[in-house]
1. Which pairs turn up if I take residues in segment 80-104 that are in contact (Cβ under 8 Å) with a residue 24 or more places away in the chain and assigned by TED's automatic domain parsing to the domain that holds residue 290 and look for partners that are of a type in the set (Val, Ile, Thr) and in a loop (DSSP other than H, G, I, E, B) with beta carbon separation below 6 Å, at least 6 apart in sequence or on another chain?
2. Of 107, 93, which residue is on the phi > 0 side of the Ramachandran plot, part of a loop (DSSP other than H, G, I, E, B) and modelled with pLDDT of 95 or more?
3. Within 30 Å of residue 309 (Cβ to Cβ) and part of a loop (DSSP other than H, G, I, E, B): which single residue out of 153, 205 fits that description?
4. Tell me whether segment 150-158 contains one or more residues that are in contact with an Asp or Glu (Cβ under 9 Å, 6 or more places away or on another chain), closer than 16 Å to residue 278 by Cα and exposed (fewer than 15 other Cβ atoms within 10 Å of the Cβ).
5. Looking at residue 74 and the list (1) without any contact (Cβ under 8 Å) to a residue 60 or more places away in the chain; (2) surrounded by fewer than 20 Cβ atoms within 10 Å (Cβ to Cβ), which single condition is not satisfied?
6. Assuming residue 319 fulfils every condition listed in (1) more than 24 Å from the chain's Cα centre (by Cα); (2) part of a loop (DSSP other than H, G, I, E, B) apart from one, which condition is it?
7. Only one residue in 299, 281, 336 is under 22 Å from the mean Cα position of the chain (by Cα) and more than 28 Å from residue 267 (Cβ to Cβ). Which one?
8. Can you tell me which of 133, 162, 186, 200 is surrounded by fewer than 23 Cβ atoms within 10 Å (Cβ to Cβ) and not in a loop (DSSP other than H, G, I, E, B)?
Amino acid sequence: MKNISRYFVWFAPAALMFCGAAWAEEDLIVTVGGHGANCIEDPQCINRLHPDIAMTASASPGQVIVFHARNASDFALDPDDKTPDPRRAGPRGATVHPLTGPVRINGAKRGDVLAVTIEAIDPGAFGYTQIGAIGFVSDQVKGPLRVLWRLGEDYAQTDAIAGVRIPKASFPGVISVLPGAEEHQAILSREAALERAGGAVFLPEPTYASPTELCGPDGSAKNTCLRTIPPREHGGNLDIRYLGVGATLYLPCQVDGCGLAIGDVHYAQGDGEVAGTAIEMDARVTVSTRVLKGAGADMMTPHYEGPARLLNIPSRRFYATTGFPLKSKGDTPPDMAYLASPHAAGLENLSKDMSLAARNALLAMIDYMTETYGLTREEAYIVASVAVDLRIGQLVDAPNVGVSAILPLDIFVDEDR
């Protein structure tokens, strides 16, 4: 693709001059979302993706946009809120993810690139982490366990896992533009083919879908509205913990106006989000945007950049386990089962299998935390999901590529441990 850096022009939103005219400070801010008890009641919230979804707000490049974002499940997090929510009994993940928007970026056209800079993130009071069916090793550590966190200015803590304190490192899990019509059809086709082959995929589900008139049970596109669970070429559920305050995400604009939507905000997450969730929270996310004209015509996936501090682990010390693609004879790794390979089960070593190496590093780290800190396997899995980073060591030393699971030790504040 074209070199995005040559399109880059830095500006400070608070002192912006746009089209040669100065804007008053109050004209720079566009506020979106936060209405009603849930996403379906909020006219500025969606939880499906489709090229025909209408824009719910508009902003010009350079304007500050404040997104009032809901937590990933779209459920009340305050433990004192006893209001019944019948959606909890619906199909798995039907309310995931509520996204605030979409916002039309004035002047942006299909083929441009939208640069989204994270200016600020203001967390809510509570967050949750739970072991989900989509967890990386949830065939080995099944749960159930759901943890409620109290979110402070610097740390999150929970009564469920005493002596653990998770530093704040907030970022939006989902930043997306709307898919284009051609791209949308290609996604539907390839994901349907994957489902027929037995692969893990989330096909369209109209229950509790928003916008209701398009994606709901009686909607005109109820069978073609994309779930927000996987990321795709247009962005989406990237779950990249480095997209914190100061980072800029570059997304290919696939429809005129782009249709920027944000949600699934995390207070903290380990690289991998291995239990299926991070510390999920309601939050207020402030961003600014730029449009790079013509830069997205051949952009295949999102890019991002930011200050190097976002790459650091939040700890003075760490402990790491490693993993290689080794297994017991007769076992088939769960993520390979749908391929029905006649060879995989009989081998004890798979060649350059990064997923198996990562599983082994993670399971070794879970064992380490249970033995060293007295956690249950479920508790260790939760801690890994919000604090442990899975990082590639090398990809070239065939057959055994290497992955490290890195545990920041400063999260353990109970001296008895």
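The values are calculated or read from the model by the stated rules, or taken from the named source; none is laboratory data. The structure presented is a predicted model; accordingly, all values stated were derived computationally and were not measured. No Cβ is skipped: glycine too gets one built from the backbone with ideal geometry, and neighbour counts run over all protein chains shown.
1. From residues that are in contact (Cβ under 8 Å) with a residue 24 or more places away in the chain and assigned by TED's automatic domain parsing to the domain that holds residue 290, the pairs are 87/95; 90/207; 91/207; 94/207; 97/228.
2. Details: 93 fails: modelled with pLDDT of 95 or more.
The conditions single out 107.
3. On the way: 205 fails: within 30 Å of residue 309 (Cβ to Cβ).
None of the other options fit; the residue is 153.
4. First, the residues of segment 150-158 that are in contact with an Asp or Glu (Cβ under 9 Å, 6 or more places away or on another chain): 150.
Narrowing the set further to residues that are closer than 16 Å to residue 278 by Cα leaves 150.
Those left that are additionally exposed (fewer than 15 other Cβ atoms within 10 Å of the Cβ): 150.
There is at least one residue in segment 150-158 that is in contact with an Asp or Glu (Cβ under 9 Å, 6 or more places away or on another chain), closer than 16 Å to residue 278 by Cα and exposed (fewer than 15 other Cβ atoms within 10 Å of the Cβ).
5. If we test residue 74 against (1) without any contact (Cβ under 8 Å) to a residue 60 or more places away in the chain; (2) surrounded by fewer than 20 Cβ atoms within 10 Å (Cβ to Cβ), just (2) comes out false.
6. (2)
7. Details: 281 fails: more than 28 Å from residue 267 (Cβ to Cβ); 336 fails: under 22 Å from the mean Cα position of the chain (by Cα).
Just one listed residue meets the conditions, 299.
8. On the way: 133 fails: not in a loop (DSSP other than H, G, I, E, B); 162 fails: not in a loop (DSSP other than H, G, I, E, B); 200 fails: not in a loop (DSSP other than H, G, I, E, B).
Going through 133, 162, 186, 200 in turn, just one is surrounded by fewer than 23 Cβ atoms within 10 Å (Cβ to Cβ) and not in a loop (DSSP other than H, G, I, E, B): 186.
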